[in-house]
Every structure is written in C-alpha cells, then in structure tokens.
Amino acid sequence: TDGDRATSGSVRERLERLREEVRYHSRRYYIEDAPEISDAEYDALYAELEALESEHPDLVTPDSPTQRVGGEPLEGFREVRHAVPMLSLANARSPEDLIEWDARVRRLLGEEESERLRYVTELKIDGLAVSLRYESGRFTLGATRGNGTVGEDVTENLRTVRSIPTELRDDYPPVLEPRGEVYIALEPFEEFNRRREAAGERPFANPRNLAAGSIRQLDPKVTRSRPLTIFLYGVGEGYANYASHSEALAALQEYGLRVNPYSVHETIESVIETCKRWAAERESVPYQVDGVVVKVDSREQQEALGSVQKAPRWAIAYKFEPLAGRTKLRDIIVNV
Ligand code: NAD
C-alpha cells in the first residue's frame, strides 16, 4: 500500500543517514586516526544502525558499515593481502549476552563436543591490530588489519618497536604470522603528552590514536620516537601447528614474543566472573582496555564454528561500560 511504501521510504532514508554518519566517523577513526566522538557514542550509532537493519533485513546493502571490517588502507603504503582474514569481533554487553552466546556455541557444536569445550579470556587492548610474518624465524613483513582482507605494509615502522623481535628463538614453524595489538601504555602516553605540551605542541586525544597514528607514519624515524609496544593474541598463517588457542599463545611466548595475559575456563560462569572482576579492576591495568575477549580454545571447534560476515562465531568481546567522569573526546583537541 501507499502507507507501507511511505514508511519503507523513510526507513530507507533513516538507514542511509545513519550509514553516512557511521561511515564518516569510521573514516575519522580508522583512516585519519582522529575520531571526533567517543567510542561509546560511536557504538551507540552503530547499534542503532544494526537494530534498524535487523528490523529490515531486505534493506541491508553490501556496502553498509555493518558488513565490513575497519577501514581502507592508506595510500602511500604498499598493500598487503592477508591470506587469513583479520576479522572484527561480535560484542556482548551483559552477562546475559555471554550466556546466550555460550548456548549458541554448544548448540552448534553438539552435545558430545560441548563436553570438552574450554574458553580462554584475555583483556581487550585498545590499540591497532597488526599481523607479523616470520619466515624461518626472521621478521619479514608487518601489516595493519586495514579492511580485513587488505592492509598496509608497515614493516619498517614495526621494526622500530623494541618488543617485536627481529628473530624468534626455539622451535618455531617455517612460516608464522603472530597477530596482536600495538599500543601505548597510559604512563608513557601521559609523559609523551606532557613533553609535547611543554614544547608548545598539541597533546594527543588518547593512547589508541597515538599508537595508530605512529604506526601509520611514512617516516619510521617518527615511529621510533613513540613509546610503542605490542601484545600478541593470536596466529594467522601457521595456526594449524597448534591444537588450541592457549597452546598457540604458550608457543608464542616460547619464541620470545610478548603475549597478552590469559586464563582458561571450563564454564561460562567462570568466564562471567572473570569479566566482572576485570570490569571492576580495569583502572588498575596500566594500558587502555575496553573489554574482555572470550574465545573457544580448541582449534578444531573454532573451525567447526566458523565465521559470519565480519566476525568469528567462536569469539566474542565483552565490552566494559564507558568510564564515568572521563573527559569526553570531543572536548579535547584531536590531532594526527
Ligand atoms: P573491535 O573493537 O570490535 O574488535 C576487534 C579488534 O579487537 C581486533 O581487530 C583487535 O584489534 C582487537 N583486540 C584487542 N585485544 C584483542 C584480543 N585479546 N583478542 C582479539 N582481538 C583483540 O574492533 P573493530 O572492528 O575495529 O570495532 C570498532 C571499535 O572501534 C569499537 O571499539 C568502536 O568504538 C571503535 N570505533 C570508534 C570510532 C569513533 O569515532 N570513536 C569510530 C569507529 C570505531
């Protein structure tokens, strides 16, 4: 009817407006490293878009930001195609979301497999996702996530990060792609800003911004002067050498890589307890974290669960509530 057409017309317009807004802010964040709104504000916009799309699945377009990972690679860097895509993560906002996710995982795995289900929890670091490549134990290539399939070659910049070894030790496989988050801890970030301000320069808005901007610099000398470090949390190519995620993390540590602290759980209740504890203690963590990532441990089970669109079904990010009393990002001068 005319009425239906009018409604779907205005829904279409609302969807397009929301998509435009989300695209604009994604660009500021992923491409320009200069967000104008806080992550919580961005997440609210994104959630509104997702909700509207799920009410109108026929209006979902392939170019919608909900269907894509991150941002496009910057010009000026060579492009790197990821053999194993670098995906995003689905979000859980409450313990109930985790319980629901656990039930879905068990349903998909079946009763027998569910008996040997284990989860790993890790802090979710707020930095920039990168993939390192080691051939015969030598660091040969470093790339950003980019749009998940194609990232930027930032090898020379990553060579300046002291916690990234140029050579692995021990029994490494011939080809290994450790993946993780490059970040700047809170104390060095504040120190860096103090020195900038003393020199009459504008401070950076947050550690994530500074880390991302520092890695995506055309001049490695600038990158070298930034207090960057890395935590590895997974493996792209070469993952088949390990039976589980926790086994892979332990191996990365053996090779001399810096691994994000993790714990293994037998039940979702124990996972929830850990998420709540970290949420209460997040301010004692010396770097910026925005949640806890929960992963199915067994590689076989991960493969059985697979991925949907832009995120694996075997992992979920439990997001913390935004910190109260923090200065709003848009009140701070943002620069690149
Ligand atoms: P995401 O935050 O949803 O989760 C995926 C990413 O988590 C991975 O790519 C990886 O880099 C990271 N990660 C950190 N620790 C990890 C661990 N232990 N294991 C696995 N992954 C780990 O990433 P996304 O897809 O980039 O989602 C968007 C995020 O960016 C949200 O936090 C959003 O608020 C923010 N954002 C903000 C703005 C803004 O304008 N403020 C704009 C766009 C996006």
For the stretch 258-265, 3J(HN,Hα) per residue [Karplus equation, 6.51 cos²θ - 1.76 cosθ + 1.60, θ = phi - 60°, Hz, x = Gly/Pro]
8, 10, 4, x, 9, 9, 9, 10
Linear extension gain, Tyr24 paired with Glu273, 0.36 nm per residue minus alpha-carbon span
85.9 nm
Mean separation of Cα contacts under 8 Å (at least 6 apart) over the residue count of the chain, i.e. the relative contact order in percent, is 25 percent
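Give me the orientation-averaged projected area of the Cα convex hull of the stretch 123-271, in nm², one decimal.
For the Cα atoms of the stretch 123-271, the hull's average projected area reads 10.2 nm².
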By how many nm would the segment from Ala51 to Ala34 grow when fully extended, if each residue of separation counts as 0.36 nm and the alpha-carbon distance is taken off?
3.5 nm
Label-point separation (nm) for Glu197 and Arg258, each offset 7 Å from Cα along Cα-to-Cβ?
2.5 nm
Under the 0.36 nm per residue contour assumption, what length would be gained going from the current alpha-carbon distance of Thr61 and Val285 to full extension?
76.7 nm
Packing-based order for 121-127, 236-242, using average beta carbon neighbours within 10 Å, highest first:
121-127, 236-242
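Given a Förster radius of 51 Å and the C-beta distance between Glu135 and Glu41 as r, what FRET efficiency does 1/(1 + (r/R0)^6) yield to the nearest 0.05? Don't skip to the end; give the middle numbers.
Numbers: r = 42 Å, r/R0 = 0.83.
Once the sixth-power term is evaluated, E becomes 0.75.
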Expected sort for 224-233, 193-202, 273-282 on mean C-beta neighbours within 10 Å, highest first, is 224-233, 273-282, 193-202
Computed over the chain, the convex hull of the Cα set has an average projected area, in nm², of 18.9 nm²
Could you give me the ³J(HN,Hα) list for the stretch 225-240, computed from phi with Karplus coefficients 6.51, -1.76, 1.60 and θ = phi - 60°, whole Hz, x at Gly and Pro?
7, 9, x, 7, 9, 9, 10, 8, 9, x, 9, x, 5, x, 4, 4
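FYI, it's all coordinate maths here, none of it is from the lab. This structure is a prediction, so every number in the text was calculated from the model and none was measured. Positions of Cβ are backbone-derived with ideal geometry, glycine not excepted, and every protein chain shown enters the neighbour counts.
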